[in-house]
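Every number here is computed from the coordinates shown, using simple stated rules; none is lab data. As the structure is a prediction and not an experimental result, all values here were calculated from the model. Cβ sites come from the backbone with ideal geometry, for glycine too, and all protein chains shown count toward neighbours.
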Amino acid sequence: MGMTLHVDIVSAEQEIFSGTAEMVFAPAIMGEVGIAPRHTQMLTPLKAGEVRVRTKGSEEQTFYVSGGMLEVQPHVVTILADTAMRAKDIDEAAAIKAKEHAEHALAGKKTEMDYARATAELAEAIAQLRTLERIRKKKK
Amino acid sequence: MASGKEIRTQIKSIQNTQKITRAMEMVAASKMRKAQDRMRASRPYAQKMVNVIAHLAQAHSEYKSTYMIEREVKRVGYIIISSDRGLCGGLNSNLFRTTVADMMAWDEKNIEIDMCTIGSKASGFFKRLKGNLRANTSHLGDAPRLDELLGAIKVMLDAYEAGEIDRLYIATNIFVNTMTQQPRVVQLLPISAPEKDKEIAHHWDYIYEPESRTVLDALLMRYIESLVYQGVVENIACEQAARMVAMKSASDNAGDLIDDLNLSYNKARQAAITQELSEIVAGAAAV
């Protein structure tokens, strides 16, 4: 009986592959790696490329990942695939955009948090809901 | 008593409203199903991530990430996830109430708060509070993509790494079932180590390529991002469920109103007929 690995490939938005395999090839950041069963524990980022899973009977399935993380335990391989293109400058640009959004929303006003007002407003909203609820009950 | 025609117009307008609320109810129901699927689809990733982090906590790594170290709290950050649209009952206001209560506890200790809002309802609400809003993103639609959230998350993670905030919380609704959604505030950073996997108890460590520091930071960053993404997806499911329930009760209420109005319309009509009859009879008697 040949030894097998359990392979899970998941992305944040969905599960891509789950099953057993004889060998897995992944584009690790330092170069492609091939993982056979009983490989020692390893943790490494992936770069964009193909993940090939050799299932029983030497059939191969190929998946494209745009990056991610590879975790290896002796009999389990987990690939956490990225769904988004990741690069430092892209991330940076997105961060700046989110900040601008916030500044735009605030329009220069930055003072103490007004908790009293928050509680008052919330109380009002809750009271409105409660009233609606009461009206509804009365109707019945 | 209002005249028959007035009541008729009123009934018409309520019927129109009822049509709208009923349509919204059905739309929300179908969207909710899709949102729930999406919520389920994002679970394996988070689950696998937790496994890896649990392994990591057991590995005897020489490097400890800043994401895992407890610091003295001087300033805290909140990521608040809300819906973009209203008409979903008390979903958002309940969440904001829980969040504000949580924030007040910090405020009493004179600890300042930074916020990052996802969804236009949250930014609208916390903007009026004049809080320190660091990042904001909204209009993600029904199928948000992770890369649309990354910018906002990065702002908070950068602040954490730079020591500007010492704790990070996420406020979102938990989907219990269609009728119940629970607002909750959960700590994101520093990451508390998950339960240990008992099967691998001996002394070991990973091979890190290229080095433990970069690998761990990249991994933990993705972990946080996946948690926030899950929060967003779950909140959408909550929003649709809450809207469905709210619209259902609105349709029911409209039905009750229409029944009442119909009754008074019929009464008015009967009264008019009776009056007409008695006038005719009186007229005939006078002749």
Shielding by partners - mean other protein chain Cβ count within 10 Å, residues of B:229-235: 1
Highest-fluctuation residue, B:Ala171, B:Ala271, B:Ala29 considered, GNM on chain B with Cα pairs under 10 Å: B:Ala271
Averaged over B:38-48, number of beta-carbon atoms from partner chains that fall within 10 Å: 5
Taking N as its residue count, the alpha carbon Rg of segment B:1-146 over 2.2 N^0.38 Å: 1.56
Average beta-carbon neighbours from other chains, 10 Å sphere, peptide B:162-173: 0
Members of B:Lys34/B:Lys121; B:Lys64/B:Lys127; B:Lys74/B:Lys154; B:Lys34/B:Lys64; A:Lys97/B:Lys109 lying beyond 29 Å, as alpha-carbon distances in this model show: B:Lys64/B:Lys127; B:Lys34/B:Lys64; A:Lys97/B:Lys109
25 °C / 0.890 mPa s Stokes-Einstein diffusion coefficient of chain B, Kirkwood radius on C-alpha pairs, µm²/s: 108
Listed residues B:Lys248, B:Lys154, B:Lys12, most fluctuating in chain B (Gaussian network, C-alpha, under 10 Å): B:Lys12
Candidates B:Gln181, B:Gln58, B:Gln275, ranked by Gaussian network fluctuation over chain B, Cα under 10 Å, top entry: B:Gln275
Highest average packing first - B:213-219, B:35-41, B:114-120, Cβ atoms within 10 Å: B:114-120, B:213-219, B:35-41
Residues B:Val100, B:Val185, sorted so that the one with the fewest Cβ neighbours within 10 Å comes first: B:Val185, B:Val100
Computed [θ] at 222 nm, deg cm²/dmol, the protein assembly as shown (DSSP H ≥ 4; -39,500 (n - 2.57); rounded to nearest 500): -18000 deg cm²/dmol
Whether segment A:5-87 is rounded, prolate or oblate, judged on the alpha carbon gyration tensor where a/c under 1.5 counts as rounded: prolate
Packing-based exposure ordering (other Cβ within 10 Å, fewest first) of B:Arg22, B:Arg269, B:Arg243: B:Arg269, B:Arg22, B:Arg243
Along principal axes, Cα extents of the protein assembly as shown, largest first, whole Å: 114, 59, 38
Label-to-label distance, nm, for residues given as B:Ala162 and B:Val287 (7 Å Cα→Cβ offset): 9.7
